[in-house]
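Structure first, then comments.
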Amino acid sequence: MNKKVFILLLNLLFCFTLVSAQEAEKSDLQKRAEAVNPKEDIAKARSLFIHAFNDYANKGKTAQAVECAVKATPLYYSEGFFKEAFDLLQRAEQVILAGVKSPSEKAALQYLTIKERLQMYIKMRRVESAKEQLNAMEAKANESLNENLKNDLLYNKAIYYYTFGMNAQGNAVFKEMANKLTASKEYNKVDEVYQTLIANGRKSNNAGIVAQAYSNYIAWKDSTDAIKRADEIGALNKQIEEHKATIEDKDSSLSSRMAIIVGLCILAGALAAALVVGAVVLMRYILLTRKQKKTIKLANDSNALKAKFISNISAQLEPTLQKLDSSIPEVKALLDFSHHVQTLSELENTSNEAIEYEEIQIPQFCEGLMNEIRDKVKKDVNLTVNAPKMSAKINQEYVSHILLHLLNNAAEYTPEGGNIWLEYKKRGPKAHQFLVSDTGEGIPEEKREDIFKPFLEIRDLTTGDGLGLPTCKQMALKMNGDLDVDPNFTKGARFVLDLHS
């Protein structure tokens with residue numbers, strides 16, 4: 001089963017709000033922080049939450065302070081700032097120890113900070129450290145005497161087991177949660193869990209998770225339907241007995257008894273008819289989903305074969321192409337295309353492998369790249385490098401490849417008398433950017449999303465194979481960065497290479 005989808009499912013099931021019963025109205029700082037979309041400006045959201053934390057802590061509002069600290073923490077480690085995240089949680093715990101006297105309330109707040117540490121250790125793939133945090137969470141959940149925290153603990157245990165490949169333990173925890181909800185007759189919540197899992201499986205085209213979800217859903221549905229029917233029959237029997245007692249006590253006439261029995265029979269008949277209709281609908285649904293599962297499996301198998309074909313075809317053709325005359329433009333184009341396909345395939349297949357970084361001097365590095373295109377630009381084109389005197393850790397091979405490709409494109413499309421810039425900007429302790437800009441014709445808005453996608457159109461390979469920018473994009477992603485077009489630059493084209501060291 002797809003672990004990320006399963007974890008998302010568990011998040012939807014157990015989303016608890018852990019604030020004090022005496023919590024005051026949210027401060028203006030917290031409201032402003034919650035109004036910022038982290039996807040648009042994560043630094044601003046983080047800064048406002050930290051300011052709100054400090055403000056609450058100074059005013060002795062410990063529960064609100066911890067809430068803001070916990071919300072700011074993932075905004076640190078999602079960008080790789082783990083040290084800053086750990087430091088913030090340590091400050092939050094100091095505020096808890098200084099401002100809370102009740103043992104149960106203190107344990108509940110400490111549970112929140114420990115949970116964030118667990119999330120970070122899971123993200124860092126540190127199994128033993130994550131296990132220690134999980135044990136500490138269990139202790140705090142017990143001390144807090146809070147049933148919601150105990151349920152949330154089950155959810156975090158499931159995350160831990162699925163993340164580190166302990167699927168049997170994860171399934172057991174999920175079953176325990178489903179059994180708790182079923183025992184309290186919260187059938188709709190469990191049903192919603194399975195429906196969400198099935199929808200996510202379809203959305204991600206994951207036939208495996210859809211198949212397993214349907215299998216588990218049908219098994220659960222059968223068991224709960226039996227429980228529901230037993231409850232309904234028990235309630236009906238009780239109602240019959242109550243009516244009988246009422247008849248015997250209040251009216252012994254045969255006509256009254258028959259009227260009540262007829263009414264109960266009609267009710268039972270209506271219930272039976274409803275069950276029959278429900279069974280027919282369920283059978284049609286099961287037959288339809290089985291057909292959909294087969295369709296999804298065929299589509300996934302087809303995509304896998306296509307990917308394997310694209311990955312292997314260039315390697316199979318290259319020995320033959322090497323025997324041809326590479327001075328012929330068409331042969332050279334085929335050789336280049338074969339090499340580019342192999343490079344792109346290798347990047348996609350090794351996207352999760354670690355790469356090496358080295359310290360370089362930014363000005364010398366940028367000047368060296370710009371010098372390589374000086375004899376390729378048109379007449380009177382100005383070449384400008386804006387790079388501060390500093391050093392940075394990068395993967396020189398990938399960054400050089402990306403920037404040279406962008407600069408060569410700029411040289412090709414920038415007219416006489418135009419300008420080409422190569423810039424470097426420091427964006428944070430571990431974040432930086434390279435920008436390549438030109439005053440050429442620019443990229444139409446409707447084509448910006450497609451220029452990084454390979455194999456979208458049939459091309460004359462002698463004029464280029466269209467794999468340059470997709471390859472650069474894959475290299476950027478492998479460096480935990482990204483490559484994109486700046487939509488706000490309207491005087492030509494500007495590409496932004498975001499990196500995180």
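The values are calculated or read from the model by the stated rules, or taken from the named source; none is laboratory data. Computed from a predicted model, the values in this text were never measured in an experiment. Backbone-built Cβ (ideal geometry, glycine too); neighbour counts: all protein chains shown. Just so you know, the surface numbers come from the protein's heavy atoms only, side chains and all, with ligands and any DNA or RNA stripped out. Shrake-Rupley method; radii C 1.70, N 1.55, O 1.52, S 1.80 Å.
With ALA107, ALA136, ALA130 as the choices, which residue is crowded, with 22+ Cβ neighbours inside 10 Å and not acidic (Asp, Glu)?
Working: ALA107 fails: crowded, with 22+ Cβ neighbours inside 10 Å; ALA136 fails: crowded, with 22+ Cβ neighbours inside 10 Å.
After applying the criteria, what remains is ALA130.
Results for (1) closer than 20 Å to GLU116 by Cα; (2) among the polar types (S, T, N, Q); (3) at pLDDT 90 or above; (4) surrounded by fewer than 16 Cβ atoms within 10 Å (Cβ to Cβ), shown as yes or no for each residue.
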{"position": "LYS4", "(1), (2), (3), (4)": "yes, no, no, yes"}
{"position": "LEU9", "(1), (2), (3), (4)": "yes, no, no, no"}
{"position": "LEU12", "(1), (2), (3), (4)": "yes, no, no, yes"}
{"position": "LEU18", "(1), (2), (3), (4)": "yes, no, no, no"}
{"position": "GLU34", "(1), (2), (3), (4)": "yes, no, yes, yes"}
{"position": "PRO38", "(1), (2), (3), (4)": "yes, no, yes, no"}
{"position": "VAL70", "(1), (2), (3), (4)": "yes, no, yes, no"}
Going through region 80-121 one residue at a time, which ones are acidic (Asp, Glu) and under 14 Å from PHE49 (Cβ atoms)?
-> GLU84, GLU116
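Report yes if some residue within region 43-53 is outside any helix (DSSP H, G or I) and either touching a residue at least 40 places away in the same chain (Cβ under 8 Å) or under 22 Å from ASP152 (Cβ atoms) (or both); otherwise report no.
So in region 43-53, the residues outside any helix (DSSP H, G or I) come out as none.
No, region 43-53 contains no residue that is outside any helix (DSSP H, G or I) and either touching a residue at least 40 places away in the same chain (Cβ under 8 Å) or under 22 Å from ASP152 (Cβ atoms) (or both).
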Spot the failing condition for GLU397; the list is (1) in contact with a helix residue (DSSP H, G or I) (Cβ under 6 Å, 6 or more places away or on another chain); (2) closer than 30 Å to PRO319 by Cα; (3) open to solvent by 70 Å² or more (accessible area, probe 1.4 Å), and only one is missed.
-> (1)
Scan of region 422-432 for residues that are open to solvent by less than 70 Å² (accessible area, probe 1.4 Å), modelled with pLDDT under 95 and under 26 Å from LYS491 (Cα atoms), ordered by number | HIS432
Does GLU176 satisfy the criteria of being open to solvent by 50 Å² or more (accessible area, probe 1.4 Å), among the acidic types (Asp, Glu) and modelled with pLDDT under 90?
-> yes
Please find, within region 239-257, the residue that is modelled with the lowest pLDDT out of those that are of a type in the set (Gly, Ala, Ser), exposed (fewer than 12 other Cβ atoms within 10 Å of the Cβ) and assigned to a helix (DSSP H, G or I).
-> SER255
Quick one: would you say ILE443 is in contact with a strand residue (DSSP E or B) (Cβ under 8 Å, 6 or more places away or on another chain), open to solvent by 30 Å² or more (accessible area, probe 1.4 Å), touching a residue at least 40 places away in the same chain (Cβ under 8 Å) and farther than 17 Å from LYS425 by Cβ?
-> yes
Residue check, ALA410 under 26 Å from PRO444 (Cα atoms), modelled with pLDDT under 95 and small (Gly, Ala, Ser) | yes
Return only the number of the condition from (1) open to solvent by 30 Å² or more (accessible area, probe 1.4 Å); (2) at pLDDT below 85 that GLY464 does not satisfy.
-> (1)
Search region 55-74 for residues that are under 17 Å from ARG32 (Cα atoms) and pair each with any residue that is of a type in the set (Ser, Thr, Tyr) when their beta-carbon atoms are under 6 Å apart and the residues are at least 6 apart or on different chains.
-> GLN64/TYR56; ALA65/TYR56
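From PRO415, PRO470, grab the single residue that is open to solvent by less than 50 Å² (accessible area, probe 1.4 Å) and of a type outside the set (Asp, Glu).
PRO470
So that you can scan it fast, the table gives a plain yes or no per residue for (1) modelled with pLDDT under 75; (2) loosely packed, with under 15 Cβ neighbours inside 10 Å:
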site	(1), (2)
ALA172	no, yes
LEU181	yes, no
ALA199	yes, yes
GLY208	yes, yes
ALA226	yes, yes
ASN237	no, yes
ALA259	no, yes
LEU264	no, no
ALA268	no, yes
Under 6 Å between Cβ atoms, at least 6 apart or on separate chains: pull out the pairs that start in region 369-392 with a residue that is more than 16 Å from HIS405 (Cβ to Cβ) and end on any residue that is of a type in the set (Ser, Thr, Tyr).
-> VAL381/THR414; ALA387/TYR424
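Residue by residue, here is whether (1) among the basic types (Lys, Arg); (2) out of contact with any strand residue (DSSP E or B) (no Cβ under 8 Å at 6 or more places or on another chain) holds:
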{"site": "ASN371", "(1), (2)": "no, yes"}
{"site": "ASP375", "(1), (2)": "no, yes"}
{"site": "ASN386", "(1), (2)": "no, no"}
{"site": "VAL399", "(1), (2)": "no, no"}
{"site": "HIS405", "(1), (2)": "no, yes"}
{"site": "TYR424", "(1), (2)": "no, no"}
{"site": "LYS453", "(1), (2)": "yes, yes"}
